[in-house]
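Everything below concerns the one structure shown next.
The values are calculated or read from the model by the stated rules, or taken from the named source; none is laboratory data. Please read these numbers as outputs of a predicted model, since none were measured by experiment. Cβ sites come from the backbone with ideal geometry, for glycine too, and all protein chains shown count toward neighbours.
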Amino acid sequence: MTQTERTAEQDILAMPDDHYMNAQQLAFFEQLLRQQKKQIQHHIEQIKQHLSSVAVEPDELDRALIEEDNRQNLRLVEREYFLLRKIEQALDRVARQEYGYCVETGQPIGIRRLLARPTAELCLEAKERQEIREKHYKKQRG
């Protein structure tokens, strides 16, 4: 993180609660999300290039190691595509000026939570309820 980014983050954190998701904060998070999107897209391209450049090895052990590496890279790409979709959804919420508010309750998510997880859709309380429901559902199935 550059000094300018740290300063912008500090400015956002220093704003009073009644300035929540003002134009400056929305612009900050939009820039942050676009930056993350660009980094992820670049990383996906690097992995794709790596996967396409892998040579076929005649040795079974080498081939098995390469296949395992490829499998892990494919899982990583899948996770990053999922994150890209979440970033796109967050950018859509920024454009609609709904970013920063819980999709379940309408309550503010909070600047600190958004700095930690810019794609957050739920406030802390709603996220905790969701995790409890998921845990309970797992117990019922398991």
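General observations
- Look at the range 14-36: where a residue is on the phi < 0 side of the Ramachandran plot, no partner that is among the acidic types (D, E) and not in a helix (DSSP H, G or I) sits 6+ places away or on another chain with Cβ atoms under 6 Å.
- Of all residues in the range 52-71 being polar (S, T, N, Q) and surrounded by fewer than 11 Cβ atoms within 10 Å (Cβ to Cβ), the one that is nearest to L83 (Cα to Cα): S52
- Residue in the range 94-102 that is part of a helix (DSSP H, G or I) and at pLDDT 95 or above present: yes
- Meets criteria (assigned to a helix (DSSP H, G or I), surrounded by 11 or more Cβ atoms within 10 Å (Cβ to Cβ) and over 24 Å from the mean Cα position of the chain (by Cα)) for A126: no
The rows are residues; the columns are (1) farther than 30 Å from A14 by Cβ; (2) loosely packed, with under 15 Cβ neighbours inside 10 Å; (3) touching a residue at least 60 places away in the same chain (Cβ under 8 Å).
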| residue | (1), (2), (3) |
| --- | --- |
| K86 | no, no, no |
| E104 | no, yes, no |
| G110 | no, no, no |
| E134 | yes, yes, no |
| Y137 | yes, yes, no |
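- Residue match in the range 38-51 (condition: more than 19 Å from F82 (Cβ to Cβ), exposed (fewer than 11 other Cβ atoms within 10 Å of the Cβ) and not aliphatic (A, V, I, L, M)): yes
- Scan of the range 67-104 for residues that are more than 30 Å from Q49 (Cα to Cα) and either of a type in the set (D, E, K, R) or out of contact with any Cys (no Cβ under 6 Å at 6 or more places or on another chain) (or both), ordered by number: R93, V94, A95, R96, Q97, E98, Y99, G100, Y101, V103, E104
- So A120, is it under 14 Å from M21 (Cβ atoms), in a loop (DSSP other than H, G, I, E, B) and among the aliphatic types (A, V, I, L, M): yes
- For the range 1-18, the set of residues classified as surrounded by 13 or more Cβ atoms within 10 Å (Cβ to Cβ) and either among the charged types (D, E, K, R) or assigned to a helix (DSSP H, G or I) (or both) consists of E5, A8, E9, I12, listed by residue number.
- Matching entry among Q31, Q35 (being surrounded by 12 or more Cβ atoms within 10 Å (Cβ to Cβ) and closer than 17 Å to R112 by Cα): Q31
- Residues that are over 22 Å from T2 (Cα atoms), within 15 Å of the chain's Cα centre (by Cα) and not β-branched (V, I, T) occur at least once in the range 95-113.
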